[in-house]
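**Student:** Mind looking over this structure? Questions follow.
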């Protein structure tokens, strides 16, 4: 009974663990394609199985044999499979002297009662060792004598080239690319999306309500890098590294940056508490009919297609 | 046959080391559990400055390697070598000096590491006075060993002793070469080597700390305690010979596999790969010689808790040494490196191989030292299961965490941007795994406490046999070998040639890898725009090192698209020529910082300031400890002169006499940063440490952008 309990407690623990593992995996992470995924899982499986088997083996290995011995007074005969294995083992696998004939290979060494057998090197071990040496020699020849294998730099250049081709192919599929020139204000849903991004990423520098902090106040009419949707889109995308504004173009998609820019513009005139003093120039949107020479929207707008 | 001589074994020294093993083991595991929990509760547990992750993690690794396993080695070593040589230790005084010296070193480590006194090189963090103490105590240990070997009553040295000898000589070489450093004050020094060369020496050392501190001495212990506990002959003498020599020869080459895809010359990386690959079978030689020794004794394994521990230990050894060569393959390493996969791997070795073998050995040894049966077999059995479960709950979540994080780092969207561009996303995702790992660790620690109680009760029941009587005939004066004896027998009866041969065998790999990297210029191509650090940056770098930032942040961008997209241009060997010591790191719990100051990812001084003050406020979900104490800590500008001088001595081209005006430059640069901060209404005192750290971070990776 105790044995049973011990065994089951392990099984239960493992089951709980595996389930909790799948609970972690809600985030959609797709593993890199190719064999690595399977390699990883097989290593993991190998580890778990090896530990369980060792534990199980230790507990159960001799139980049946001993019971059989008690019952019949004779050692239990080997099953067909065991016989096969034992033969294979003797001839090819370890080539070890059987336990009954151990005295034939017992050396006269005695160290504090520890004796040594003169078993031969297990052939699988010996040949495995030779094989790794051959592989090592081939590896060195390939990469450093014949130089048919790529250097890390070559690998990198290949990787970048493949990526560039892929991106290009993807670009030609999506005809219209949103950029600072053709961006327009997002609708209410877009602004709501922008707000989410803002409160996850921008607030540490610009304040929870856009009041400013490390970065400038976003709610007033003064702008360091222009206050149109085009300007803001560009500032967010490329950043202003010298002043500490990071470039977010690699982080967010153009659509997300449009939403974010629109949200930022929606903060205009909200007058939050603790607002930072204005920085930059007063920005007045350039209207077609208007020629006021305050800082203008500096980006040329392409005519709508 | 000569007359029997009577003598006594010194059991007291084995007992003392056994006690130290248990106590330091529990301390080391406790610190480990603490740092594991810091990743789950970063805000509460990172009590700054002494208990923040960067300072405690080195304490954990050093305590486990040198205190727990170190004392474990000496416990088994002192017990077994006297019996294998049929002789008492040559000098009880030297044994005692060894014991107390080693404990003093550990105590010094436990005090200095939380204080931030660190050389900044992994597993070799202890500063120069302690390094010297280690060297002295190590010589005491070796001296006593050889003096005992020379007065032995057994002609041939058993395989366990070959491993002890190889351990002694190799650790001595590794420790001395890697610890060469130039002191600037009592507890501060700069590594003699810089950049790529420092990295190569460090990982030649680091990997062989695994090989010759965690592996070879424990194989020696296995070869004594396993056949003893099982009462079976060792499976194959031939295998012992072949795997011993091949193991020590091959192991020493393997270090560069910690630096794959780094700025290390490619040929050195390839040597690391192929030699790690060839290590598989020599390592497994130890495993199969252990497991096959149990042939015909498996029924005992069911009954005997000591053997159970040993079987799991040897199996874990087999698994870790299979995984090691696999992790050394470039394709696998590209995924595993810098992730928790590595942490899982070392803990299969640490908890499984070292931990379980130590436990098994102690359960066997303590009852024999105290001439009484173990207090509770049931409790020991429970310990076995708790510890085994602990290993599973520790390792499996970290395997998943490591692989998942690598997958997240490497994933791109179809339009060519990183799928997880914010590093912190990949970290917050791992929190449940870190929690499960901490649970596994606490199980393992709980098991160790059960053992402590069990052994304590055993000791109380028994009485120490401090001097155990023994007898053996003295060696004959003249000895001629048997005809037809194995050729290796001749080496086994000549300890000094055995020592010299081991030394030669282990020197080959180290010399072939290290010497060309130092002497051939093309291995580290220089870059003209790379200039020495300014005095403020130099001070900042020392703070970076003191706080152990390298335990979570790498400074090595590998030539992968996923890394150059995230961090910028991949790292070049020439960028590190003034880095004494190198700070490439080996794990990314936080993002790489090699180009923290470069245009692609540069942040403002105020951002860095606020982030160091309260990381979670700037990056929600971050696991980084707060370094708010740097905001008030005054910078030790008095040390600038000595530091510049030391750097010049190491070859950094500061102009002669620059040390005298350096502090003027330092203040000017600090004031510039203060002015930047003031623009964002952040006021700081002049010359506080945070300014130096910001200066250093903003400098990182910018040199190659300058024309």
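Bear in mind that the values in this text are calculations on the coordinates, not laboratory data. Predicted model, so just to flag it, every value in this text is computed and none were measured. Cβ coordinates were reconstructed from backbone atoms using ideal geometry, including for glycine residues, and neighbour counts include every protein chain displayed.
**Student:** Using 0.36 nm per residue of separation minus the Cα-Cα distance, give me the extension gain between residue B:299 and residue B:633 in nm, one decimal.
**Tutor:** 113.9 nm
**Student:** Distance between Cα centroids, region A:169-212 to region B:476-532: provide it in whole Å.
**Tutor:** Taking the Cα centre of region B:476-532 as reference, the centre of region A:169-212 is 62 Å away.
**Student:** Return the average number of partner chain Cβ atoms within 10 angstrom of each residue Cβ along peptide B:473-483.
**Tutor:** Per-residue shielding by partner chains comes out at 0.
**Student:** Would you mind ranking B:61, B:112 by Cβ crowding within 10 Å, fewest neighbours first?
**Tutor:** B:112, B:61
**Student:** Mind checking B:286-299 for the average number of partner chain beta-carbons within 10 Å of each residue's beta-carbon?
**Tutor:** 3
**Student:** In addition: Exposure proxy check: B:17, B:393 ranked by fewest other beta carbons within 10 Å?
**Tutor:** B:393, B:17
**Student:** For region B:191-289, just say rounded, prolate or oblate: build the C-alpha gyration tensor, square-root its eigenvalues into a ≥ b ≥ c, call rounded for a/c under 1.5, and beyond that prolate if a/b exceeds b/c, oblate if not.
**Tutor:** It is prolate, given that a/c is not under 1.5 and a/b is the larger ratio.
**Student:** When the helices in chain B are scored as -39500 (n - 2.57) per DSSP H run of 4 or longer and the sum is shared across all residues, what 222 nm value do you end up with, to the nearest 500 deg cm²/dmol?
**Tutor:** -19500 deg cm²/dmol
**Student:** For residue A:268 and residue B:672, what does the FRET efficiency come to when R0 = 35 Å and r is the distance between their Cβ atoms, rounded to the nearest 0.05?
**Tutor:** Working from the Cβ atoms, E equals 0.55.
**Student:** Now for a separate question. Is the shape of region B:83-238 rounded, prolate or oblate, going by the alpha carbon gyration tensor and its root eigenvalues a ≥ b ≥ c, with a/c under 1.5 for rounded and a/b larger than b/c for prolate?
**Tutor:** Prolate, because a/c is 1.5 or more and a/b exceeds b/c.
**Student:** Moving on. Can you give the relative contact order of region B:263-334 as a percent, counting alpha carbon pairs under 8 Å and 6+ residues apart?
**Tutor:** 50
**Student:** Now, a different point. So for chain B, averaging the separation of alpha carbon pairs under 8 Å that are six or more residues apart and normalising by length, what relative contact order in percent results?
**Tutor:** Contact order relative to length: 18 percent.
**Student:** Note the angle between two axes, namely the Cα long axis of helix B:216-230 and the longest principal axis of the Cα atoms of chain B, as a number of degrees from 0 to 90, rounded to the nearest 10.
**Tutor:** The helix B:216-230 is inclined about 40 degrees to chain B.
**Student:** Can you compute the FRET efficiency between residue B:679 and residue B:648 using 1/(1 + (r/R0)^6), with r the Cβ-Cβ distance and R0 = 51 Å? Round to the nearest 0.05.
**Tutor:** 0.90
**Student:** Suppose each label sits 7 Å from its Cα in the direction of the beta carbon; what would the residue A:101-residue B:182 distance come out to in nanometres?
**Tutor:** Roughly 6.8 nm, to one decimal.
**Student:** Where does helix B:159-178 land angle-wise versus the long Cα axis of chain B, in degrees 0 to 90, nearest 10?
**Tutor:** 20
**Student:** Something else now. In whole Å, what is the distance between the alpha-carbon centres of region A:217-257 and region B:582-661?
**Tutor:** For region A:217-257 versus region B:582-661, the Cα centre distance is 28 Å.
**Student:** I'd like the distance separating the alpha-carbon centroids of region B:194-209 and region B:542-581, in whole Å.
**Tutor:** Cα centroid to Cα centroid, the span is 15 Å.
**Student:** Could you grab the relative contact order for region B:535-699? Cα pairs under 8 Å, six or more apart, rounded to a whole percent.
**Tutor:** 33
**Student:** Fewest to most neighbouring Cβ within 10 Å: what's the order for B:665, B:703?
**Tutor:** Going from sparsest to densest Cβ surroundings: B:665, B:703.
**Student:** Pull out a ≥ b ≥ c, the square roots of the eigenvalues of the alpha-carbon gyration tensor of region B:535-699, then state rounded if a/c is under 1.5, prolate if not and a/b is larger than b/c, and oblate in the remaining case.
**Tutor:** It comes out oblate by the Cα gyration axes.
**Student:** With a cut-off of 20 Å, note down the residues of region B:360-380 whose backbone N falls inside the zone around a label point 7 Å from the Cα of residue B:463 toward its beta carbon.
**Tutor:** Under 20 Å, as judged by backbone N against the label point of residue B:463, lie B:366-375 of region B:360-380.
**Student:** Which stretch or stretches of region A:118-148 have amide N atoms under 15 Å from the point lying 7 Å from residue B:266's Cα along the Cα→Cβ direction?
**Tutor:** Only A:139-148 pass the distance filter.
**Student:** Helix B:237-251 against the longest principal axis of chain B: what's the angle in degrees, Cα atoms only, rounded to the nearest 10?
**Tutor:** Result, in degrees: 20.
**Student:** How high is the FRET efficiency from residue B:146 to residue A:255, r the C-beta distance, R0 56 Å, rounded to 0.05?
**Tutor:** 0.15
**Student:** Summarise the partner chain shielding of A:237-248 as one whole number: the mean count of Cβ atoms from other chains within 10 Å of each residue's Cβ.
**Tutor:** 4
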